[in-house]
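Chemist: Please see the structure below; I have some questions.
The values are calculated or read from the model by the stated rules, or taken from the named source; none is laboratory data. Predicted model, so just to flag it, every value in this text is computed and none were measured. Here the Cβ is made from the backbone with ideal geometry for all residues, glycine too, and neighbour counts use every protein chain on show. We work out accessible area using only protein heavy atoms, side chains counted, and drop any ligands, DNA or RNA first. Shrake-Rupley method; radii C 1.70, N 1.55, O 1.52, S 1.80 Å.
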Amino acid sequence: MASAVAVQVRALYKRLLLAHRLLPDDLRAIGDRYVREEFRRSKGLGAEEADRFLKEWEAYADTLQAQATESVMHPVPKANYGIDLTANKLKDFNEEQIGQLYALMQEATKPVQ
């Protein structure tokens with residue numbers, strides 16, 4: 001059973017990195033780094049946490065793939081990626097996750113040089 005989960009995790013990881021190839025270079029770099037860090041941190045999660053982790057990342061992959069494909073098919077000067085987090089979703093985050101989210105937001109909103 002554990003090997004089936006490992007295969008699922010690796011496939012999702014690869015899917016995320018492939019989806020990031022459709023992003024502008026600066027966003028791709030941020031996204032790739034964040035995915036690597038999050039997947040490393042997820043090692044050793046319990047079954048329930050791991051299931052939730054995979055579901056959230058699969059939803060992200062679905063959303064990003066659709067948005068990035070749309071951006072490639074119909075280019076606009078400044079495409080937007082992702083979704084807004086609801087207050088309910090934020091309530092599920094612990095302090096460390098809030099800190100990570102804030103750091104990610106700061107990195108993603110830096111002016112391009």
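Chemist: Could you sort Tyr34, Tyr102, Tyr60 by their accessible area in this structure, using a 1.4 Å probe and putting the largest first?
Modeler: On the way: Tyr34 45, Tyr102 130, Tyr60 80 Å².
Most to least solvent-accessible, the answer reads Tyr102, Tyr60, Tyr34.
Chemist: Angle check, please: helix 25-41 long axis (alpha carbons) against the longest principal axis of the chain (alpha carbons), in degrees 0 to 90, nearest 10.
Modeler: Orientation of helix 25-41: about 10 degrees from the principal axis.
Chemist: Can I ask one more? Of the heavy-atom accessible surface of the chain (probe 1.4 angstrom), what whole percent is carbon and sulfur? List each step's numbers first, then the result.
Modeler: Numbers: 4820 of 8550 Å².
It is 56 percent, rounded to a whole number.
Chemist: So between Ala50 and Gln8, what do we pick up on full extension, going 0.36 nm a residue minus the alpha carbon distance? Write down the numbers at each step before the final one.
Modeler: Working: separation 42, 0.36 × 42 = 15.12 nm, distance 1.12 nm.
Fully extending the segment from Ala50 to Gln8 adds 14.0 nm.
Chemist: In addition: Mind pulling the angle between the C-alpha long axis of helix 47-73 and the longest principal axis of the chain? Nearest 10 degrees, somewhere in 0 to 90.
Modeler: 20 degrees
Chemist: Stretch Glu70-Leu18 to full length: gain in nm at 0.36 nm per residue minus the Cα-Cα span? Don't skip to the answer; put the middle values down first.
Modeler: Values: separation 52, 0.36 × 52 = 18.72 nm, distance 1.53 nm.
Taking 0.36 nm per residue and subtracting the Cα distance, the gain is 17.2 nm.
Chemist: For the pair Glu58 and Ala108, how long in nm is the line joining their label points, each one 7 Å along Cα→Cβ?
Modeler: Here the modelled spin labels are 2.2 nm apart.
Chemist: A further question on this structure: Students sometimes get this wrong: rank Arg33, Arg21 by accessible area, probe 1.4 Å, all chains present, largest first.
Modeler: Details: Arg33 105, Arg21 150 Å².
Final ranking, largest accessible area leading: Arg21, Arg33.
Chemist: Work out the charge dipole of the chain with +1 on the Cβ of Lys and Arg and -1 on the Cβ of Asp and Glu about the Cα centre, then indicate which of Trp57, Gly31, Asn80 is farthest towards its positive end.
Modeler: Gly31
Chemist: Set the bar at 20 Å for Cα to Cα. Now go through Lys55/Lys89; Lys43/Lys110; Lys14/Lys78 and name every pair that lies beyond it.
Modeler: Numbers: Lys55/Lys89 14 Å; Lys43/Lys110 30 Å; Lys14/Lys78 26 Å.
Too far apart for the 20 Å limit: Lys43/Lys110; Lys14/Lys78.
Chemist: Please list Val5, Val76 from largest to smallest accessible area, probe radius 1.4 Å, with all protein chains kept in place. Each step should come with its number before you reach the end.
Modeler: On the way: Val5 60, Val76 85 Å².
Sorted by accessible area, descending: Val76, Val5.
Chemist: Taking the Cα centre of the stretch 11-61 as origin, work out the dipole magnitude from +1 charges on Lys and Arg Cβ and -1 charges on Asp and Glu Cβ, in debye rounded to 20. It would help to have the intermediate numbers written out before the result.
Modeler: On the way: 11 positive and 10 negative charges, 44 e Å.
About 220 debye.
Chemist: Which value, in debye to the nearest 20, describes the size of the charge dipole of the stretch 16-103 about its Cα centre when Lys and Arg Cβ atoms bear +1, Asp and Glu Cβ atoms bear -1, and nothing else is charged? Before the final figure, lay out the partial values.
Modeler: Numbers: 12 positive and 16 negative charges, 43 e Å.
Dipole of the stretch 16-103, to the nearest 20 debye: 200 debye.
Chemist: Still on this structure, I have one more. Relative to the longest principal Cα axis of the chain, at what angle does helix 95-108 sit, 0 to 90 degrees, rounded to 10?
Modeler: Helix 95-108 and the main axis of the chain meet at about 20 degrees.
Chemist: Let me ask something else. On average, how much accessible surface per residue is there in the chain, in Å², for a 1.4 Å probe, leaving out ligands, DNA and RNA?
Modeler: Numbers: 8550 Å² over 113 residues.
Per-residue accessible area for the chain comes out at 76 Å².
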